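What follows is calculated from the coordinates using simple rules that are stated; it is not laboratory data. Because the structure is predicted, anything quoted here is derived from the model rather than measured. Methodologically, a virtual Cβ is constructed for each residue, glycine included, from the backbone with ideal geometry; neighbour enumeration extends over all protein chains shown.
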Amino acid sequence: MMASRRQPLISCPRRRLTPSIPRNVALPIAIAAWLMVSAVGVRLSNTAVPTDSTGRRLITGETDVVRHGGAWYFYVNSWGACQPVDCCPSSGGCASCCYVPPTNRFPDQCVFTNNHTVVVYRTVDLTRWDLLGEALTPRDRPPGIEFRPHVVYNPATMLFVMWFENRPSAIVSQGYTIATSTAPEGPFTVIKTNVAVADVPGDFDLLVVNGTAYHVQTTTNDPKRPRDFVVTALDDSFTAPTTTTASFTAPLPAEGPVFFQRGSTFYILAGTTCCACRGGSSVYVFAASSPLGPYEFIGDIGSNHTAAYDPHSPYNYITRAQASVVISIPTSGPETAFLWMGNQWVTSSRRDSDLLYWAVLGFGSNRSIQQLVWQDSVQLPTLVG
């Protein structure tokens, strides 16, 4: 994220929602739904936002996912309901759709504001979505501009650990904030602020491998290292960095890393800078045999190679989305499926209702991932519980 000044606070009423299904009957219904969907597979749309169990469109935004107790918990950073701005005609082009301060021509009021709220959905089958409520509201954290919440579960402490950026202003990144909860749906309680990891804070992701948590962050906010990424091992509580780090360099300044493991290979996917952008970003692939690397640049699977790059075109990138997460999906086949999910910013009349993009990653030889192609929808392999 790049910006220049703080925007005015937009009020966000605090809500605590209850699950739409009573807890004493939710599990049997969920199991029945899972069995029905598992038999036919799941189709996810890239041209329509899914609806929840009450029939409402999902709230969309920066997203992380935790698998726990047979369900996926989706943590969505809601920026609010104001209207997004098509920045493609601007001098900065399609990659610069978060203006600070807003102007009459580009009046975005959502991106760099203090009202961002993390909401939680639960799903066992990626078809039925139950809104559990708000896991983290502005009242639950110090004042700031909250970005990129990521959650992992620590089996040693039996706590869900959330990291996020909480900027004091649009152009100041002073450290990560950490909150914990005993339940996946929260509420989360802040336990640490201004946590320094490897460099000036930026977009990041977390991955747990055999009981050890790792943090990867971009250094695009450091003018001396605009193209780097740094991986850091965290301590046993998952709430502080250790001194064990490794770094690598992207072809161009990149952000939005997603961190996952497939077999013995560790992947970090990232994209060119995209500030709430229309048209999305590239998908750079980095791979290693250890979470700490060394990482090899495999290639870019997200750019549209059929036309010359045009900064004012929303079609430079196949998915027209910026990455949020890669989800491992157990299937009835011999291999786990890996579902890439990104945000198609500026595709609705509300910042919190933009389209998502789903893609099942295809893997080739030498740790490669196949070039992405546009699909109106994606069919998942048959799921298993």
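In square nanometres and to one decimal, what's the mean projected area of the convex hull around the Cα atoms of segment 105-205? Walk me through the intermediate numbers first.
Working: hull surface 33.2 nm².
Here the figure is 8.3 nm², rounded to one decimal.
Taking just the alpha carbons, could you work out the radius of gyration and Dmax for segment 170-242, both in angstroms?
Just the Cα atoms of segment 170-242 yield Rg and Dmax of 13.1, 40 Å.
Within the chain, what is the longest stretch that has no trypsin sites (Lys or Arg not before Pro) placed in a DSSP loop and near at most 15 other beta-carbon atoms within 10 Å?
Values: sites that count: Arg5, Arg14, Arg15, Arg16, Arg56, Arg105, Lys224, Arg227.
Answer - 228-385.
Which value, in debye to the nearest 20, describes the size of the charge dipole of segment 270-351 about its Cα centre when Lys and Arg Cβ atoms bear +1, Asp and Glu Cβ atoms bear -1, and nothing else is charged?
Numbers: 4 positive and 4 negative charges, 92 e Å.
So the dipole magnitude of segment 270-351 works out to roughly 440 debye.
Projected onto the charge dipole of the chain (+1 at Lys/Arg Cβ, -1 at Asp/Glu Cβ, origin at the Cα centre), which of Ala170, Gln370, Pro251 gives the Cα projection farthest towards the positive end?
Ala170
Normalise the Cα radius of gyration of segment 229-314 by 2.2 N^0.38 Å (N = residues in it) and let me know the number. Let's see the in-between values first.
On the way: Rg = 15.0 Å, N = 86, 2.2 N^0.38 = 12.0 Å.
Relative to the 2.2 N^0.38 Å estimate, segment 229-314 comes out at 1.26.
What number results when the radius of gyration of the chain, computed over Cα atoms, is divided by 2.2 N^0.38 Å?
On the way: Rg = 19.5 Å, N = 385, 2.2 N^0.38 = 21.1 Å.
The chain yields a ratio of 0.92.
Report the dimensions of segment 229-376 along its three principal axes from the alpha-carbon atoms, largest first, rounded to Å.
For segment 229-376, the Cα spread along each principal axis is 43, 36, 30 Å.
Testing the spin-label approximation: label points 7 Å from Cα along Cα→Cβ at Ser332 and Asn210. State their distance in nm.
3.4 nm
Rank Asn115, Ala196, Val152 by how far each Cα sits towards the positive end of the charge dipole of the chain (+1 on Lys, Arg Cβ; -1 on Asp, Glu Cβ) and give me just the farthest.
With unit charges placed on the Cβ atoms, the residue in question is Asn115.
If I model a spin label as a point 7 Å beyond the Cα along the Cα-Cβ vector, how far apart are those points for Trp374 and Gln83 in nm?
Going by the 7 Å Cα→Cβ label model, 2.5 nm.
Over the chain, what is the mean sequence separation of C-alpha contacts under 8 Å (at least six apart), divided by residue count, expressed as relative contact order in percent? Walk me through the numbers on the way to the answer.
Numbers: 1033 pairs, mean separation 68.8, N = 385.
Across the chain, relative contact order equals 18 percent.
What does the charge dipole of the chain about its Cα centre add up to, to the nearest 20 debye, if the Cβ of each Lys and Arg holds +1 and the Cβ of each Asp and Glu holds -1? Walk me through the intermediate numbers first.
Numbers: 27 positive and 27 negative charges, 149 e Å.
Dipole of the chain, to the nearest 20 debye: 720 debye.
Return P(r) of segment 66-135 (all Cα-Cα pairs; 10 Å bins starting at 0; whole %; ordered from short to long distances).
19, 34, 22, 21, 4
Report the label-to-label distance for Met158 and Leu292 in nanometres (one decimal), using points 7 Å from each Cα along the Cα→Cβ vector.
Reported label-point gap for Met158 and Leu292 is 3.1 nm.
Only Cα pairs within less than 10 Å get springs; with that Gaussian network setup on the chain, which residue of Gly202, Gly280, Gly41 has the largest fluctuation?
Comparing Gly202, Gly280, Gly41 in the GNM, the peak value goes to Gly41.
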